[in-house]
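The values are calculated or read from the model by the stated rules, or taken from the named source; none is laboratory data. None of these values were measured; they are calculated from a predicted model. Note: ideal-geometry Cβ built from the backbone for every residue, glycine included; neighbour counts use all protein chains shown.
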Amino acid sequence: MNNSINVVELARKSGLHLRIVTSVKSFDTYNSFFNIYDSFDEPCRRIVVLTKYEDLEEVYDENPDEPIVVGKCIMGNYWLKDYSLTTNPESIYLEEILISEEVVDSILKELKN
């Protein structure tokens, strides 16, 4: 990818943490007998995110069947790349993930505001 920056370098420039997290989709169901809502979390995929949270492990994913928008900030986390849930996190090499310079500039500009 021409004019691209490694996500590790992006994390250094932004001062944020790079994390591989599991996305979950929350399903709320109403149980009228007990008059309560039950919540079930179902793992969907792995996502590389840029975040201010050093210990972030999960993010909510409203549309797990749709491709992510690289660089989009969702609930304070910048989504950078997605993988299948069956992908072993240890096989994801962050040094090999490249992001376009335009997306990097957009993220850094948004962080300044």
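Observations on the structure shown:
- Residue count for the range 71-90, restricted to those that are surrounded by fewer than 17 Cβ atoms within 10 Å (Cβ to Cβ) and under 16 Å from VAL8 (Cα atoms): 2
- Considering residues of the range 1-34 that are among the aliphatic types (A, V, I, L, M), closer than 20 Å to VAL69 by Cβ and not in a strand (DSSP E or B) only, the residue modelled with the lowest pLDDT: MET1
- Subset of the range 82-113 [among the polar types (S, T, N, Q), more than 18 Å from VAL21 (Cβ to Cβ) and in contact (Cβ under 8 Å) with a residue 12 or more places away in the chain]: SER100, SER106
- Filtered residues of the range 55-69 (kept if among the hydrophobic types (A, V, I, L, M, F, W, C) and either free of Cβ contacts under 8 Å to residues at least 24 places away in the same chain or farther than 18 Å from HIS17 by Cβ (or both)): ILE68, VAL69
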